[in-house]
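**Student:** Below is a structure I'd like to ask you about.
The values are calculated or read from the model by the stated rules, or taken from the named source; none is laboratory data. Source: prediction; values computed, not measured. Every residue, glycine as well, gets a Cβ built from its backbone with ideal geometry; the counts of neighbours run over all protein chains shown. The accessibility values were calculated without ligands, DNA or RNA, using every heavy atom of the protein model including side chains. Shrake-Rupley method; radii C 1.70, N 1.55, O 1.52, S 1.80 Å.
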Amino acid sequence: MDNKDCALRVMPPSDCTVQVMDIEHSIPAEDTVPAQPRKDEFLAMLAHELRNPLASIRYAIEVLRRLDLQEPRAEWAREVVDRQAAQMSRMIDELLDVSRITRGQITLHPVPLNLAAVIVRAVEVNLPLIKARQLRLIVESGPLDIDLDGDEVRLTQALANILNNAAKYSNEGGRIWLSVEIESGEAAVRIRDEGIGIPPELLPHIFDLFTQGPRSLDRSQGGLGIGLSLVRSLIEMHGGRVGVSSDGEGRGTEFVVWLPLRREQGLIARRDPHDLPATWSKLNFLAT
């Protein structure tokens, strides 16, 4: 039997296996590069190459904005392109981050942080999507001041990705709950929605790279399945952990992020409700 027979007809596994092994043995040593490094290099190259045309698109959008066109259809078209370009930019950034993480090229810059300030920034990132989908964000926590040591940009990115996931997979007009507690010496941030939920078979893999839940047509902005993988990586780099639970499809999802408190200070005493920190007041203002 020759290789042509294996290619065209279904043959016993043992016969075809021998032929495949012969082919592999004929490949020069310099061509047998592991697939993982090649994939990482491809992701990095793709993200960098996509940034160039996207930068031109964003510049053209800004030019159209300054022209102050009065035609309603022109304004609508500009807003559509602007929103989609912003979404593309976010996905490209996530591709770059995945490439950096897999190659160990992300370096954290930890500083003393107030957790409420990080949450406020994460909410601000997702506020346009929350408002567009007419969602109600409910802050369940009291006025806690919690100090952490962390990279502000990366922690904001991680929490923003979870909120973005909750907003995308919630039904329009639905609710998202956000709470912060102290549990066994850790800060616990809970983000819960009443959206489409996660099937039991997908739940153990939800933080794996390129994993996505089912999407209907009105949820076509589901992304590349990168966001939650980045969440886990970034939180673990901070010495924390992240978990997820869902009672199944159509029954909502809850994500919990646990982060270590700042060793020097830990929890700052609870404040009187009439003396809230400015950041916490802003969080409650954004949620209304």
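**Student:** Name the residues in the stretch 148-168 that are outside any helix (DSSP H, G or I) and either of a type in the set (A, V, I, L, M, F, W, C) or open to solvent by 20 Å² or more (accessible area, probe 1.4 Å) (or both), would you?
**Tutor:** Leu148, Asp149
**Student:** Which residue is surrounded by the most Cβ atoms within 10 Å (Cβ to Cβ), if the candidates are limited to the stretch 232-288 and must be basic (Lys, Arg) and at pLDDT below 65?
**Tutor:** My answer is Arg271.
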